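Enquirer: Got a structure for you, written out below as structure tokens; questions coming shortly.
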Amino acid sequence: PVTYVWLAGFYVFFHVWMNLLAELLRFGDRLFYKAWWNAVTFEAYWRLWNLPVHHWIARHVYFPALRKRLSKAAVGFIAFTVSAVFHELVIALPLKSGHMPLAFLAMMAQVPLVAVSAAINARVAGTPFAQLGNYLFWIAFCFLGQPAAVLLYYVHCTGVLYH
């Protein structure tokens, strides 16, 4: 059920709300996401699912850090960390749970999955198992990660374990 709620929320926000705002404000660029559901690596997912945030992070964090002559791996980690901080703010402020950074930790836990999914994709590309990374994404993110995050926030916000 959590995955269905997340997908419905994604549709309502990115497809309905953002396009309605774009229409009202006469905003010409209406590409808010690409086919993230087909991503075979976690890196591809993070590049495809929220294009306005991806472009902002690339413009204001990634490319300026590259100009400082840092390695691409270090710059990617910095950009991902900044994105994780902003995701935490978006979730923690409404839930008043800033002292327990679950969204930040959940995003940072995906850093190894970026490397693992890239290695898997490199190994199975062009074979009948080319979609293996997509299966890994759906299992890890939507069937394990999202429900676990909702459960942890529920326990944290309601204090169920503390009574």
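The values are calculated or read from the model by the stated rules, or taken from the named source; none is laboratory data. All figures in this text were calculated on a predicted structure; none of them were measured in a lab. We place every Cβ from the backbone using ideal geometry, glycine too, and count neighbours over all the protein chains shown. Surface accessibility is based on the protein's heavy atoms, side chains included, excluding ligands, DNA and RNA. Shrake-Rupley method; radii C 1.70, N 1.55, O 1.52, S 1.80 Å.
Enquirer: For PHE27, work out the one condition from (1) aromatic (Phe, Trp, Tyr); (2) modelled with pLDDT of 85 or more; (3) not in a helix (DSSP H, G or I) it doesn't fulfil.
Expert: (2)
Enquirer: Considering each residue of the stretch 19-35, count those that are surrounded by fewer than 17 Cβ atoms within 10 Å (Cβ to Cβ), touching a residue at least 12 places away in the same chain (Cβ under 8 Å) and hydrophobic (A, V, I, L, M, F, W, C), and give that number.
Expert: Result for the stretch 19-35: 2.
Enquirer: Do you know which residues across the stretch 115-149 are farther than 15 Å from ASN38 by Cα and among the small types (Gly, Ala, Ser)?
Expert: Within the stretch 115-149, ALA115, ALA119, ALA122, GLY126, GLY145, ALA148, ALA149 qualify.
Enquirer: In the stretch 128-161, what count of residues is obtained for those that are among the small types (Gly, Ala, Ser) and touching a Phe, Trp or Tyr at 6+ places or on another chain (Cβ under 9 Å)?
Expert: 2
Enquirer: List the number of the failed condition for VAL150; all other conditions in (1) open to solvent by less than 70 Å² (accessible area, probe 1.4 Å); (2) in contact (Cβ under 8 Å) with a residue 60 or more places away in the chain hold.
Expert: The number of the failed condition is (1).
Enquirer: When the residues of the stretch 36-77 are filtered to those that are outside any loop (DSSP other than H, G, I, E, B) and of a type in the set (D, E, K, R), which remaining residue is surrounded by the most Cβ atoms within 10 Å (Cβ to Cβ)?
Expert: GLU43
Enquirer: Hey, another quick one. Sort out which residues of the stretch 2-28 are among the β-branched types (Val, Ile, Thr) and under 17 Å from TRP138 (Cβ atoms), and write them in order of number.
Expert: VAL2, THR3, VAL5
Enquirer: Identify, by number, the condition in (1) exposed (fewer than 12 other Cβ atoms within 10 Å of the Cβ); (2) more than 17 Å from TYR153 (Cβ to Cβ) that VAL111 doesn't meet.
Expert: Of everything listed in (1) exposed (fewer than 12 other Cβ atoms within 10 Å of the Cβ); (2) more than 17 Å from TYR153 (Cβ to Cβ), VAL111 misses just condition (1).
Enquirer: Only one of ILE139, ILE91 is assigned to a helix (DSSP H, G or I) and either open to solvent by less than 30 Å² (accessible area, probe 1.4 Å) or without any contact (Cβ under 8 Å) to a residue 40 or more places away in the chain (or both). Can you tell me which? Let's see the steps before the verdict.
Expert: Values: ILE91 fails: either open to solvent by less than 30 Å² (accessible area, probe 1.4 Å) or without any contact (Cβ under 8 Å) to a residue 40 or more places away in the chain (or both).
Selected residue: ILE139, the only one of ILE139, ILE91 that is assigned to a helix (DSSP H, G or I) and either open to solvent by less than 30 Å² (accessible area, probe 1.4 Å) or without any contact (Cβ under 8 Å) to a residue 40 or more places away in the chain (or both).
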